[in-house]
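K.L.:
One structure, pasted below without further comment.
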Amino acid sequence: MTRAFRAAAVQMVSGGDVAQNLAQARSLIADAAGDGAELVLLPEYFGILGAQPTDKVRAAERDGDGPQQAFLAAEARAHRIVLIGGSVPLACDDPTRVRSACLAYGPDGRRLARYDKVHLFRFAQGDEAYDETRTIERGDAPVAFDAPFGRIGLSICYDLRFPELYRALGDCALVCAPSAFTWTTGTAHWHLLLRTRALENQVYVLAAAQGGLHPGRRRTYGHSCFVDPWGEVVAERVDDGPGVVMGTVDPARTAEVRAKLPAHQHRVF
């Protein structure tokens with residue numbers, strides 16, 4: 001049964017050193033848990049965001065075995081929280097690519113869910129160019145899981161542009177969107193996409209972002225957010241750099257929004 005709970009989005013500026021990134025995450029997780037968060041979300045590429053896209057391939061872990069996965073399990077257990085790692089590079093059959101997997105762990109340290117990123121980012125403008133298909137093998141299914149306090153939907157970054165994925169998650173208490181939006185696309189679309197996914201599904205959205213300058217001079221937008229089912233930004237980190245954004249997922253608020261505007265009952269297709 002869904003109940004109210006505190007959720008936190010951790011903003012980071014990850015680099016190419018996994019150990020250093022995990023140390024940064026460890027401190028921020030402790031801050032969030034200390035402030036009462038029962039669910040903590042880390043951003044996409046929390047464990048490695050190197051100068052080259054192939055850096056994550058070199059850091060690939062076998063499913064169920066590796067430093068990033070061990071870290072998530074240990075931190076979830078230590079703080080008795082649900083901890084969601086925005087993306088972990090997991091090995092696949094293609095040695096030149098990885099699966100970008102969002103992994104959720106429960107308060108006992110056991111894994112609750114794995115979602116492999118379905119929509120892969122490709123963007124080109126001037127000197128700025130990205131193509132995740134070169135180093136990532138796409139996933140093929142939406143994933144939501146039952147946490148002790150409610151159902152949680154998973155997505156990653158570029159997924160935000162595809163509303164059909166969020167419809168497929170079903171009725172959730174919270175949808176998570178760990179991200180590493182570029183400065184260019186984030187400035188243009190970040191808040192618009194988060195608020196739209198929240199209001200059209202009448203669900204809370206928690207977005208943990210990378211926010212700052214990374215190796216290779218890649219700049220991410222930041223602005224980690226907590227958005228309510230009415231599409232209002234309840235909490236936001238407006239500064240670059242590491243930090244924590246907190247909010248309360250309140251089922252009474254979700255019920256209020258759905259009662260006064262029963263859009264789900266009005267769907268035709």
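The values are calculated or read from the model by the stated rules, or taken from the named source; none is laboratory data. Keep in mind the model is a prediction, meaning the values are calculated, not measured. All Cβ positions, even for glycine, are placed from backbone atoms using ideal geometry, and neighbour counts span all protein chains on display. For accessibility, only protein heavy atoms count, side chains too; no ligands or nucleic acids. Shrake-Rupley method; radii C 1.70, N 1.55, O 1.52, S 1.80 Å.
K.L.:
Looking only at segment 189-202, how many residues end up being open to solvent by less than 10 Å² (accessible area, probe 1.4 Å) and out of contact with any Phe, Trp or Tyr (no Cβ under 6 Å at 6 or more places or on another chain)?
P.N.:
3
K.L.:
If I filter segment 168-184 down to residues being out of contact with any helix residue (DSSP H, G or I) (no Cβ under 9 Å at 6 or more places or on another chain) and within 17 Å of H119 (Cβ to Cβ), which single residue comes out as surrounded by the fewest Cβ atoms within 10 Å (Cβ to Cβ)?
P.N.:
A168
K.L.:
Residues that are without any contact (Cβ under 8 Å) to a residue 24 or more places away in the chain and touching a strand residue (DSSP E or B) at 6+ places or on another chain (Cβ under 8 Å): does segment 210-227 have at least one?
P.N.:
Looking for residues that are without any contact (Cβ under 8 Å) to a residue 24 or more places away in the chain and touching a strand residue (DSSP E or B) at 6+ places or on another chain (Cβ under 8 Å), one finds none in segment 210-227, hence no.
K.L.:
List the strands (runs of 3 or more DSSP E) inside segment 18-129, counting only whole elements, that have at least 1 residues being surrounded by fewer than 20 Cβ atoms within 10 Å (Cβ to Cβ).
P.N.:
Values: elements: 39-41, 82-91, 98-105, 111-116, 122-125.
Strands (runs of 3 or more DSSP E) meeting the threshold: 82-91, 111-116, 122-125.
K.L.:
List the number of the failed condition for V205; all other conditions in (1) more than 26 Å from A76 (Cα to Cα); (2) among the β-branched types (V, I, T); (3) touching a residue at least 24 places away in the same chain (Cβ under 8 Å) hold.
P.N.:
With respect to (1) more than 26 Å from A76 (Cα to Cα); (2) among the β-branched types (V, I, T); (3) touching a residue at least 24 places away in the same chain (Cβ under 8 Å), V205 is out only on (1).
K.L.:
Restricting to segment 229-269, and then to whatever is open to solvent by less than 80 Å² (accessible area, probe 1.4 Å), closer than 30 Å to R219 by Cα and not in a strand (DSSP E or B), can you tell me which residue is modelled with the lowest pLDDT?
P.N.:
That would be D240.
K.L.:
Consider segment 146-167. How many of its residues are more than 18 Å from A207 (Cβ to Cβ) and open to solvent by less than 30 Å² (accessible area, probe 1.4 Å)?
P.N.:
Summing the residues that are more than 18 Å from A207 (Cβ to Cβ) and open to solvent by less than 30 Å² (accessible area, probe 1.4 Å) in segment 146-167 gives 1.
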